[in-house]
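Every number here is computed from the coordinates shown, using simple stated rules; none is lab data. Fair warning: this is a prediction, and the values are worked out from it, not measured in the lab. All Cβ positions, glycine included, derive from the backbone under ideal geometry; neighbour counts span all protein chains shown.
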Amino acid sequence: MNNSNHIKSFVKRSGRITNSQKVFLNNKDSDYNFFSIDKALHYEKIFNNKNPYVLDIGFGDGKLLTNIAKKFPEVNFIGLEVYESGIGNVLKQICEEELDNIKISCCDAIVFLSNFIKDESLYGVSLFFPDPWPKKKHHKRRIIDKEFINLLSRKIYKNGFIKIATDWSNYSDIIIEIFNQNNKFEKINDIYLYKNRCLTKFEKRGISLGHKISELSYRLK
């Protein structure tokens, strides 16, 4: 995958940042739970253990990520987000909950996976409510496509998983079709980490709009 000029699945925009989020953002470079990356990621150096690693792409306000991490301290979670409000929010939550199994970075997911993650090193990848880019002319911006799934298949080890949730039926149909055409994965009912999970902010909004929530779980053969 050419990761230097790919079409980005996000548009950087400045949202409202609270005073408490600003505190954590301003101190993120000295925050043990935040890391900047410029070379291949050595998991054991940032987590100090050899527990399985799950990559959460686009964690939003971070509440689902911290909730899952709190339930499963034996799993390490790497959270990627490009929006400052989300980063400030999740660093605040990690501090308040005293969690030591989440590390956060601000990076384009495709660049991160292509350049900094070793092949066959992730236990799983989750994408909860990625931007659906609902207008047809913008569908090319959707992060989940054939190339992206092939990239993930190289980074996840055997029996590892991909977990996706979306409230856009058109996006869900396309994702299912992509996986059906890919013989590296098999569909499974669910991932134990996400059973009885809390709802995300975007999910609640989708439900209020009458959207059907689609949860898709796949295992690498």
Can you tell me the length gained on complete extension of the stretch residue 135 to residue 204, counting 0.36 nm per residue apart and subtracting the Cα distance? 22.7 nm
Expected 222 nm ellipticity per residue - DSSP helices of 4 or more, -39500 (n - 2.57), all of the chain, to 500: -9500 deg cm²/dmol
q = 0.11, 0.13 Å⁻¹: log10 I(q)/I(0) that the Debye formula gives for segment 128-221, counting C-alpha atoms only: -0.32, -0.45
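Which of the helices in the chain, when you take each full DSSP H run, stretch at least 30 Å along the axis at their Cα atoms and have an average Kyte-Doolittle score of -1.0 or higher? Write out the running numbers ahead of the final one.
Values: long enough: none.
For the chain, where a helix must reach 30 Å along its axis and average at least -1.0, there are no hits.
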Explain nothing, just the number: dipole magnitude of the chain about its Cα centre with +1 on each Lys and Arg Cβ and -1 on each Asp and Glu Cβ, in debye rounded to the nearest 20. 620 debye
Potential extension, residue 98-residue 192 segment - 0.36 nm per residue separation minus Cα distance: 31.5 nm
Label-point gap, in nm, between residue 173 and residue 38 - each point 7 angstrom along Cα→Cβ: 4.7 nm
With R₀ set to 35 angstrom, the calculated FRET efficiency between the beta-carbons of residue 159 and residue 213, to the nearest 0.05, is 0.85
Among 191, 78, 207, whose mean-square fluctuation peaks in a Gaussian network model of the chain (Cα, cutoff 10 Å)? 207
Across bins of 5 angstrom width beginning at 0, how are the C-alpha pair distances of the chain distributed, in whole percent? 1, 6, 15, 19, 22, 18, 12, 5, 1, 0
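Could you work out the relative contact order of the chain, using alpha carbon pairs under 8 angstrom and six or more residues apart, expressed as a whole percent?
That works out to 21 percent.
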Take the chain, connect every pair of alpha-carbon atoms lying under 10 Å apart with a spring to form a Gaussian network, then pick out the residue of 80, 209, 152 with the largest mean-square fluctuation. 209
